[in-house]
1. Out of curiosity, is Ala28 touching a helix residue (DSSP H, G or I) at 6+ places or on another chain (Cβ under 7 Å) and at pLDDT below 95?
2. Leu170 fails exactly one of the following numbered conditions: (1) exposed (fewer than 15 other Cβ atoms within 10 Å of the Cβ); (2) more than 27 Å from Arg117 (Cβ to Cβ); (3) in contact with a strand residue (DSSP E or B) (Cβ under 8 Å, 6 or more places away or on another chain). What is the number of that condition?
3. Can you find, within the range 47-63, the residue that is surrounded by the fewest Cβ atoms within 10 Å (Cβ to Cβ) among those that are part of a helix (DSSP H, G or I) and not charged (D, E, K, R)?
4. Only one of Glu79, Glu44 is over 20 Å from Arg118 (Cβ atoms) and modelled with pLDDT of 95 or more. Can you tell me which?
5. Say we look at the range 64-82 and pick out the residues that are hydrophobic (A, V, I, L, M, F, W, C) and open to solvent by 50 Å² or more (accessible area, probe 1.4 Å); which of these is nearest to Gly45 (Cα to Cα)?
6. Name, by its number, the condition in (1) in contact with a His (Cβ under 7 Å, 6 or more places away or on another chain); (2) open to solvent by less than 30 Å² (accessible area, probe 1.4 Å); (3) at pLDDT below 95 that does not hold for Ala17.
7. Between residues in the range 78-101 that are touching a residue at least 24 places away in the same chain (Cβ under 8 Å) and residues that are open to solvent by 70 Å² or more (accessible area, probe 1.4 Å) and of a type in the set (Val, Ile, Thr), which pairs lie under 9 Å by C-beta distance while being six or more apart or on different chains?
Amino acid sequence: DFGHAEITLDGVPAKVALFVMTLPYSDALFCCSFPRECTEAFLEGHRRAFDYFGGVPRRISYDNSKIAIAKITGSRSREVTREFQRLRSHFLFEAHFCLVRRANEKGHVENLVGYARRNFLVPVPAVPNFEALNEGLLAKCREDLQRQVRGKPTGKADLLAEEAAALVPLPKQAFEA
């Protein structure tokens, strides 16, 4: 999912697009930032998230973003964009689309967009460029893996190691976003 956040970029206040992906079993969270929410950011966010998780989830839930969907053709069926099809074909995952106006179906990631904003971007970071901001966000994601998930006997890092065994291996050929 995408959210937005305020930062100070090279001394100037700026609003950035925050790409967030999570694996619900481990509660592992990945986020990175881009100048805006667009197809290139969507594709690159996926590539970076899969690298971070060490594999590709077999199924990913999405809202009805125009970046991924060209046309809604039924309750759960969608005609996807060419670029989204290219992403799916490269990484071999199944896409699950939420019902229209039912974002609560993916509420876990919706909540984590706010969590990332409150915990990774407060106080408002002052960075020279996006590379520095994303390095800081990646460090925060790694730090967050040390937390223990409520109701689970172990920490997020151990749960992610378990979950990683079920992920589809990354393709040998790099994906060009």
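The values are calculated or read from the model by the stated rules, or taken from the named source; none is laboratory data. Values in this document were obtained by computation on a predicted structure and should not be read as measured data. All Cβ positions, even for glycine, are placed from backbone atoms using ideal geometry, and neighbour counts span all protein chains on display. Surface areas here come from the heavy atoms of the whole protein model, side chains and all, with no ligands, DNA or RNA. Shrake-Rupley method; radii C 1.70, N 1.55, O 1.52, S 1.80 Å.
1. Working: touching a helix residue (DSSP H, G or I) at 6+ places or on another chain (Cβ under 7 Å): yes; at pLDDT below 95: yes.
Yes: the conditions hold for Ala28.
2. Among (1) exposed (fewer than 15 other Cβ atoms within 10 Å of the Cβ); (2) more than 27 Å from Arg117 (Cβ to Cβ); (3) in contact with a strand residue (DSSP E or B) (Cβ under 8 Å, 6 or more places away or on another chain), the lone unmet condition for Leu170 is (1).
3. Tyr52
4. Details: Glu79 fails: modelled with pLDDT of 95 or more.
Selected residue: Glu44, the only one of Glu79, Glu44 that is over 20 Å from Arg118 (Cβ atoms) and modelled with pLDDT of 95 or more.
5. Our first condition is that a residue be hydrophobic (A, V, I, L, M, F, W, C); within the range 64-82, this holds for 67-70, 72, 80.
Filter once more, so that each one left must be open to solvent by 50 Å² or more (accessible area, probe 1.4 Å): 70, 72.
On the way: Ala70: 20, Ile72: 24 Å.
Here the residue is Ala70.
6. Here Ala17 meets the rest and fails (3).
7. From the range 78-101, the pairs are Phe97/Ile72; Val100/Ile72.
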